[in-house]
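*Asks:* Before I ask anything, let me first share the structure, which is written out below as structure tokens.
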Amino acid sequence: MPLELQSDIRYLKGVGESRARLYHKLGVDTVEDLLYHIPRRYVDLTHPTPLAEAIPGQKCAVRALLAAKGREQRIRRGLSVFRLTAVDGPVTLHITFFNAKYTVDSLREGEEYLFYGTLTGGFYTRQMDSPQVFRLEEAGTLLPVYPLTQGLSNKMVSRQVTEALHRVEQLPDPLAGSGLPRQYGLMSYSEALHAVHFPRDWAEIETGRSRMVFDELLCLTICFARMRQGRALRHITPMRPHPLTAYYQALPYQLTGAQRRAIAEAIGDMCSGTPMNRLVQGDVGSGKTAVAAACCYFAYLNGAQSALMAPTEILAQQHYHNLAPLLERLGMRVALLTGSLSAKKKEALKAALAAGELDLCIGTHAILTADTEFSRLGLVITDEQHRFGVQQRAALRQKGQDTHVLVMSATPIPRTLAMIVYGDLELSIIDELPAGRQPVRTYLINSEIRERAFGYIRKHLDAGYQAYLICPAVQSEEEEAAAANLKSAVEYAEELAHGAFGQYRVGLLHGKMRPAQKEKVMAEFAAGEIQLLVATTVVEVGVDVPNAVIMMIENAERFGLSQLHQLRGRVGRGSVQSHCILLSDTDNPETRERLRVLCGTNDGFKIAEEDLKQRGPGDFFGERQHGLPELKVADLAADSRLLQKTQQAAGELLARDPHLETLPALSRRVEKMMEKMSL
């Protein structure tokens, strides 16, 4: 019986109810989902290597005759070892399997097999641990390796993909009739599916994958175009233009051209009659807060309230202490709302907000609670966008009727990634640092000269400055910390306070401390009462301390470049030359080269591009906190060129057919993606 693409996966032969539940864990619910469940890699059996020519340390497929199967050896309860011997001419291959009785029992002495794995050993004797084993008839093929969950095997998935392609009568090409496949040199949809699941060679995989990536990124681009279009159709009362002369005169410094440009763009949005949805993106210390404050003042001049939401109490307090004195001089009434306020204070503050007696409320997610009401909310500002999802932004927007949204991010993101992640936002980039700021000098060292680095830090402390020392772990008993020999903040602070920095005031800050404890430590550091702050990455969005001019980061290889750049941004906040010391004992040449990138530039956007190339987009964002749907095929790091093409294609397509009436299959996929984005 033929199946439709939208048929439930359980109706496919060999699936059923229980296996359908396993597929559901992988996000595969329909036959179409299965066809889009493409391999994450391939086992290359196209050219098996003679054992004598195989290079140790590399993954390869070797052809060898199984000479002997050793008996099962039980090492301890739950662990058994099998040792096998295979030969290829004069060269012997020793094979070890762990807990693999079924695999070993299926192999026969005297038969030849293909063994695929990482080879070790010398010239005449080679070793492979837990290789994959294939029959000789599988030589010459590229075998797909699918994302799996316990209970599903590669063979099962491959068999069910074959069944799906056989049972689906029609595979409608989502782009049929659009002219796009011809225009962009793409394979047909049906050919692409066969190419990625059952490829004949690497070139076919690449061509097939390109077509599928194009389709997915095209859908995503159309989703964001529709979001922007929907916003453009919403008409709200435009704000009236007002001069900001009083604000500029109240500032103790001159704004940069980039800051003034961002303010002008935001105010243009607020006066346009459609809701603003703008991202102000700038490097650490580029002055985004001054842009946000100008927008709050502009909203106040228009009789509207503003809300500024920060991801942590520490950051919310910093914004309050920086902005309240400035804006109150201009007549605004400013309050701080955080979870740690007493119930009585919260109640009074919320009553004042609802009565319109406050013009700006700065706070954490406490602002999102249902009982926080505004009388005339006109502007919502969120700080550190990647910590707030699309849904949280929408929840805050809904607290007002004609609400504008401004997002601030200190995480520089490559334009290619920003186009997708912030596809529903207009972009303002602050690419100038305020006058007087000096780039932070960054050095890469190993632990052999740690004591010299300590001496350099002490020299700065003796001169009256302060320092940070960053650790990747909180406590050494954490499993990963112990296994990787990572420096942990709790023990290290104790060790330094009684050793190398015994004559200085040493503080400790980490994410497992209570909010009140964290605030107390940061307040003491900001006041100069703590000279050396030993901390984890919790300081990444910490309070500005211009007197802190030196930072040392232990186990620097454990962090992504963008995160290291964020951490480094805690120093260099004043006019004094600041320094960042990266300490790493890694002997991996790629990792050391990655860390040297940070030593060579202070440009966050260049660093972000490099990080995206090396680590992928996961380093910029946590698990789908940013409202981006999970991409099944596309890799934003590798597919940035195709992304630019799909943006062009989406523009052409929507200009001809805004509702995709001539492309029902594509329209259905876009609708499905939009549903996932609004969950």
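The values are calculated or read from the model by the stated rules, or taken from the named source; none is laboratory data. Because the structure is predicted, anything quoted here is derived from the model rather than measured. All Cβ positions, even for glycine, are placed from backbone atoms using ideal geometry, and neighbour counts span all protein chains on display. Protein only, heavy atoms only, side chains kept; ligands, DNA and RNA dropped before computing areas. Shrake-Rupley method; radii C 1.70, N 1.55, O 1.52, S 1.80 Å.
*Asks:* 5 Å is the cut-off here: which amide hydrogens, built 1.01 Å from N in the peptide plane, fall below it relative to L444, excluding neighbours closer than 5 in sequence?
*Replies:* Here L582 satisfy the definition.
*Asks:* Using +1 at the C-beta of Lys and Arg and -1 at the C-beta of Asp and Glu, which of V280, G268, H319 has the Cα lying farthest in the positive direction of the dipole of the range 256-357?
*Replies:* After comparing all options, I get H319.
*Asks:* In degrees from 0 to 90, rounded to the nearest 10, what is the angle of the helix 288-301 Cα long axis to the longest principal axis of the chain?
*Replies:* Taking Cα atoms only, the helix is inclined about 50 degrees.
*Asks:* What ranking, highest mean first, results for peptides 3-9, 158-164, 337-343 when packing means the other Cβ atoms within 10 Å averaged over each residue?
*Replies:* Listed from highest to lowest mean packing, they are 158-164, 3-9, 337-343.
*Asks:* Taking 0.36 nm per residue of separation and subtracting the Cα-Cα distance, what length does fully extending Q577 through V81 add?
*Replies:* Roughly 172.7 nm would be gained on extension.
*Asks:* Identify, among Y116, L79, F98, the residue whose Cα sits farthest towards the positive end of the charge dipole of the range 66-126, taking +1 on the Cβ of Lys and Arg and -1 on the Cβ of Asp and Glu, with the dipole about the Cα centre.
*Replies:* Among Y116, L79, F98, the one farthest towards the positive end of the dipole of the range 66-126 is L79.
*Asks:* Enumerate the residues in the range 62-88 having an amide nitrogen under 15 Å from the point lying 7 Å beyond the Cα of S130 toward its Cβ.
*Replies:* Hits in the range 62-88 for S130 at 15 Å: 78-83.
*Asks:* So if we plug the beta-carbon distance of T162 and L444 into 1/(1 + (r/R0)^6) with R0 = 51 Å, what FRET efficiency do we get, rounded to 0.05?
*Replies:* E between T162 and L444, to the nearest 0.05, is 0.50.
*Asks:* What relative contact order, as a whole-number percentage, does the range 24-181 give when Cα pairs under 8 Å and 6 or more residues apart are counted? Mind dumping the intermediate values first?
*Replies:* Values: 273 pairs, mean separation 40.4, N = 158.
With pairs under 8 Å counted, the relative contact order is 26 percent.
*Asks:* Sort 307-314, 328-335 by the packing proxy (mean of other Cβ within 10 Å over each peptide's residues), most packed first.
*Replies:* Details: 307-314: 23.9, 328-335: 16.2.
Taking the mean over residues of other Cβ atoms within 10 Å, the ranking is 307-314, 328-335.
*Asks:* For the cross-link pairs K13/K59; K101/K155; K632/K672; K346/K676; K101/K632; K632/K676, which exceed 24 Å when the distance is taken from alpha carbon to alpha carbon?
*Replies:* Details: K13/K59 35 Å; K101/K155 19 Å; K632/K672 13 Å; K346/K676 35 Å; K101/K632 34 Å; K632/K676 13 Å.
The pairs that break the limit, which is 24 Å between Cα atoms, are K13/K59; K346/K676; K101/K632.
*Asks:* Can I ask one more? In whole Hz, what ³J(HN,Hα) sequence does the range 141-156 give by Karplus (6.51, -1.76, 1.60; θ = phi - 60°), x for Gly and Pro?
*Replies:* These are the phi-based 3J(HN,Hα) values: 10, 10, 9, x, 10, 8, x, 10, 9, 4, x, 10, 10, 4, 5, 4 Hz.
*Asks:* May I pose another question? If contacts are Cα pairs under 8 angstrom and at least 6 residues apart, what is the relative contact order of the chain in percent?
*Replies:* Reported as a whole number, the value is 12 percent.
*Asks:* Measure nothing but the geometry: give the 0 to 90° angle between the long axis through the Cα atoms of 604-615 and the longest principal axis through the Cα atoms of the chain, rounded to 10°.
*Replies:* 20 degrees
*Asks:* Quick one: grab the alpha carbon gyration tensor of the range 202-261, order the square roots of its eigenvalues as a ≥ b ≥ c, and give me rounded if a/c is under 1.5, else prolate or oblate depending on whether a/b is larger than b/c.
*Replies:* oblate
*Asks:* Hey, another quick one. Mind checking which of Q647, A352, T46 is farthest towards the positive end of the chain's charge dipole, using Cβ charges of +1 (Lys, Arg) and -1 (Asp, Glu) about the Cα centre?
*Replies:* A352
*Asks:* Sequence neighbours fewer than 8 away in the same chain don't count; with that in mind, list the aspartates and glutamates whose C-alpha is under 17 Å from K606.
*Replies:* Answer for K606, where 17 Å is the Cα cut-off: D283, D431, E432, E593, D619, listed by chain and number.
*Asks:* Using protein chains only and a probe of 1.4 angstrom, how many square angstrom of S575 are accessible, to the nearest 10?
*Replies:* Probe radius 1.4 Å; accessible area of S575 about 80 Å².
*Asks:* May I pose another question? Could you tell me the distance between the Cα centroids of the range 334-353 and the range 444-460, to the nearest Å?
*Replies:* The range 334-353 and the range 444-460 have Cα centres separated by 46 Å.
*Asks:* How far is helix 450-462 tilted off the main Cα axis of the chain, in degrees rounded to 10, range 0 to 90?
*Replies:* Once rounded, one gets 10 degrees.
*Asks:* Could you give the accessible area per residue of the chain, probe 1.4 Å, as a whole number in Å²?
*Replies:* Per residue, the chain has an accessible area of 45 Å².
*Asks:* For the range 525-538, in order, what is each residue's ³J(HN,Hα) by Karplus, 6.51 cos²θ - 1.76 cosθ + 1.60 with θ = phi - 60°, in whole Hz (x at glycine and Pro)?
*Replies:* Ordered by residue, 3J(HN,Hα) equals 5, 4, 7, x, 6, 10, 8, 10, 9, 8, 8, 9, 5, 4 Hz.
*Asks:* If you count, for each residue, the other Cβ atoms within 10 Å and average over each peptide, how do 58-71, 32-45, 548-561 line up from highest to lowest? Before the final figure, lay out each step's value.
*Replies:* Working: 58-71: 16.3, 32-45: 18.3, 548-561: 23.5.
Top of the packing list down: 548-561, 32-45, 58-71.
*Asks:* Hey, another quick one. Taking a label point 7 Å from the Cα of N322 along the Cα→Cβ vector, which residues of the range 260-283 have an amide N closer than 13 Å to it?
*Replies:* 282-283
*Asks:* Could you check how much of the accessible area of the chain is carbon and sulfur, as a whole percent, using a 1.4 Å probe?
*Replies:* Carbon with sulfur: 50 percent of the solvent-accessible area.
*Asks:* Considering only the other residues whose Cβ falls under 10 Å of the Cβ of R261, what net charge follows from Lys and Arg at +1 and Asp and Glu at -1?
*Replies:* On the way: positive: R260; negative: E265, D431, E432.
It works out to a net charge of -2.
*Asks:* Could I ask something else about it? Note the full-extension length gain between R40 and R182 as 0.36 nm times their separation in residues minus their Cα-Cα distance, in nm to one decimal.
*Replies:* 48.4 nm
*Asks:* Let me ask you something else. Going Cα to Cα from K350, which lysines come in below 28 Å? Please leave out same-chain ones fewer than 8 positions away.
*Replies:* Straight-line reach from K350, under 28 Å: K288, K399, K518, K520.
*Asks:* Output wanted: per-residue J couplings in Hz (rounded whole) for the range 269-285, from phi through Karplus 6.51 cos²θ - 1.76 cosθ + 1.60, θ = phi - 60°, x for Gly and Pro.
*Replies:* In residue order, the calculated couplings are 4, 5, 9, 7, x, 10, x, 6, 9, 10, 9, 9, 10, x, 5, 3, x Hz.
*Asks:* Provide the FRET efficiency to the nearest 0.05 for the E347-A250 pair, computing r from the beta carbons and using R0 = 41 Å.
*Replies:* My answer for the efficiency is 0.80.
*Asks:* Using a 1.4 Å probe on the protein heavy atoms only, what accessible surface does T120 show? Give it in Å² to the nearest 10.
*Replies:* 70 Å²
*Asks:* With a ≥ b ≥ c the root eigenvalues of the C-alpha gyration tensor of the chain, is it rounded (a/c under 1.5), prolate (a/b larger than b/c) or oblate? Before the final figure, lay out the partial values.
*Replies:* Working: a/c = 2.32, a/b = 1.36, b/c = 1.71.
Oblate.
*Asks:* While we're looking at this one, here's another question. How large is the charge dipole for the chain, taken about the Cα centre, if only the Cβ atoms of Lys, Arg (+1) and Asp, Glu (-1) carry charge, to the nearest 20 debye?
*Replies:* About 760 debye.
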